[in-house]
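As structure tokens, the structure follows; a few thoughts come after it.
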């Protein structure tokens, strides 16, 4: 493994960015984190990392931060099931363009872009998806559409910077404030109904495994330039039994109510129409994208990451779940 690299991480106060900053620091790299959350930024500083409060719009800070950097890990993004098209574009597309342009200007050798396998999702079961799968509009959500557009920005960067794109699926683990906590909040508030037949299979990825994949990209060989890699735990699970185990361990009611996919999709369409038409604040209790994720099977092939990056998950699903549950219990999620 390389060590002593100067690495800049965007979105370093988010779940993946924070974990990766700590991971790379522990492996001997000099890490500077950019992010908006001052509390988490202070935690980074307490761990011996450099932190600069910064949004993706504050491009005036980029030149000094990126000067002399060996690599940029671009984790920052707006990840949500609902929101304004302009805000999604500004964060995910324009933000990527700005940090990539300055990285090229400052002659940063490597740019690791964190994308999303949500760009594959088509509201239908799909197993073993690989990176050669054709992608085109319409996408399942604004998030998916803008993450695909951000990949196009990276693809157009040219040969003067070594870019690699990762598509990690369903990141979970200690520090997660989005994926599992969102489902837990619903379960606490009104119970989470089983949507669809309850037999769908999905991939998840323990957060340390994604940070490990990012580290592998820092030393990836020339043939990895411009490539895209699916990242998962390589161990698909049935979603609803997985959630039943999680809820039981947290003392929450197991999902017993059920809702057909057709009915849930209809309700989501109705809610989305109401929020769009009447400019309601917040987000719908159900969106078509969320309904699809809870009802449809989707697994990814990680063969390319294994062959090109020598990627193998370091933390298995069972150990990852145990670590996540312990963290959730300690943090009263």
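The values are calculated or read from the model by the stated rules, or taken from the named source; none is laboratory data. Every value quoted in this text rests on a predicted model; they were computed, and no experiment measured them. Note: ideal-geometry Cβ built from the backbone for every residue, glycine included; neighbour counts use all protein chains shown.
Table for the structure above
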item	result
Qualifying residues in the stretch 247-267 (those that are touching a strand residue (DSSP E or B) at 6+ places or on another chain (Cβ under 6 Å) and not in a helix (DSSP H, G or I)) - the one surrounded by the fewest Cβ atoms within 10 Å (Cβ to Cβ)	258
Complete set of residues in the stretch 150-169 that are farther than 15 Å from residue 99 by Cα and modelled with pLDDT of 95 or more	166, 167, 168, 169
Hits in the stretch 1-13 - residues which are surrounded by fewer than 24 Cβ atoms within 10 Å (Cβ to Cβ) and in contact (Cβ under 8 Å) with a residue 60 or more places away in the chain	1, 2, 5, 6
Flag for residue 173 being closer than 30 Å to residue 322 by Cβ, surrounded by fewer than 21 Cβ atoms within 10 Å (Cβ to Cβ) and either within 15 Å of the chain's Cα centre (by Cα) or in contact (Cβ under 8 Å) with a residue 60 or more places away in the chain (or both)	no
From 94, 29, residue being within 20 Å of residue 116 (Cα to Cα) and either at pLDDT 95 or above or touching a strand residue (DSSP E or B) at 6+ places or on another chain (Cβ under 6 Å) (or both)	94
Pairs, first on the phi < 0 side of the Ramachandran plot and part of a helix (DSSP H, G or I) in the stretch 79-98, second modelled with pLDDT of 95 or more and surrounded by fewer than 18 Cβ atoms within 10 Å (Cβ to Cβ), C-beta under 7 Å, six or more apart	none
Unique match (being in contact with a strand residue (DSSP E or B) (Cβ under 7 Å, 6 or more places away or on another chain) and under 18 Å from residue 302 (Cβ atoms)) among 214, 195, 161, 119	214
Close pairs from the stretch 319-333: first free of Cβ contacts under 8 Å to residues at least 24 places away in the same chain, partner in a helix (DSSP H, G or I) and crowded, with 16+ Cβ neighbours inside 10 Å, Cβ under 7 Å, at least 6 apart	none
Residue in the stretch 268-287 that is at pLDDT 95 or above, part of a helix (DSSP H, G or I) and touching a strand residue (DSSP E or B) at 6+ places or on another chain (Cβ under 8 Å) present	no
Any chance residue 221 is surrounded by fewer than 17 Cβ atoms within 10 Å (Cβ to Cβ) and either closer than 14 Å to residue 291 by Cβ or at pLDDT 95 or above (or both)	yes
Long-range neighbours under 6 Å by Cβ, at least six apart or interchain, first residue surrounded by fewer than 21 Cβ atoms within 10 Å (Cβ to Cβ) within the stretch 116-127, second in a loop (DSSP other than H, G, I, E, B)	121/140; 125/296; 125/297
Residue among 244, 235 that alone is surrounded by fewer than 23 Cβ atoms within 10 Å (Cβ to Cβ) and within 21 Å of the chain's Cα centre (by Cα)	235
Filter result for the condition that a residue is free of Cβ contacts under 8 Å to residues at least 60 places away in the same chain, assigned to a strand (DSSP E or B), touching a strand residue (DSSP E or B) at 6+ places or on another chain (Cβ under 8 Å) and surrounded by 21 or more Cβ atoms within 10 Å (Cβ to Cβ), over 34, 56	34
